[in-house]
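Structure, as structure tokens:
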């Protein structure tokens with residue numbers, strides 16, 4: 001993992017959210033080129049800004065750096081919904097997921 005990961009991850013998450021670099025910069029309270037400078041490799045966010053970026057995407061810093069999760073916000077939402085199901089329903093969901101993985 002290196003600085004390219006941070007830039008690529010921000011771009012990936014931004015595109016999944018469907019916002020432009022300009023809109024994200026504006027939403028974070030920065031000049032219009034802020035996210036573009038990160039994406040192009042001209043700069044990196046400070047740790048404080050990285051926390052703000054994670055909050056913007058509604059994910060934790062751990063989720064940001066987890067390379068195995070391509071859409072952490074979606075996964076988090078699914079897990080939150082699953083927590084409301086009964087044990088019987090969870091077992092059914094588990095069976096469905098196992099079936100889908102075997103495809």
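The numbers here are math on the coordinates, done by the rules we state, and not lab data. These numbers were taken from a predicted model, which means no experiment stands behind them. Reconstructed Cβ throughout: ideal geometry from the backbone, glycine too, with neighbour counts over all protein chains shown.
Values for this structure:
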{"read-out": "Mean separation of Cα contacts under 8 Å, 6 or more apart, over the residue count of the chain: relative contact order %", "value": "18 percent"}
{"read-out": "The chain - mean residue ellipticity at 222 nm from DSSP helices (-39,500 (n - 2.57) per run, n ≥ 4, rounded to 500)", "value": "-20500 deg cm²/dmol"}
{"read-out": "Alpha-carbon centroid distance for the pair the stretch 43-103 / the stretch 1-35, whole angstrom", "value": "19 Å"}
{"read-out": "Nearest-0.05 FRET efficiency for residue 71 and residue 94, computed from C-beta distance (R0 30 Å)", "value": "0.90"}
{"read-out": "FRET efficiency, 1/(1 + (r/R0)^6) with R0 22 Å, evaluated for residue 17 and residue 39 via beta carbons", "value": "0.95"}
{"read-out": "Exposure proxy ranking, count of Cβ atoms within 10 Å, fewest first, for 5, 57", "value": "5, 57"}
{"read-out": "Rounded tilt (10° steps) of 47-57 against the dominant C-alpha axis of the chain", "value": "50 degrees"}
{"read-out": "Relative contact order (%) - the stretch 1-49, alpha-carbon pairs under 8 angstrom, separation at least six", "value": "35 percent"}
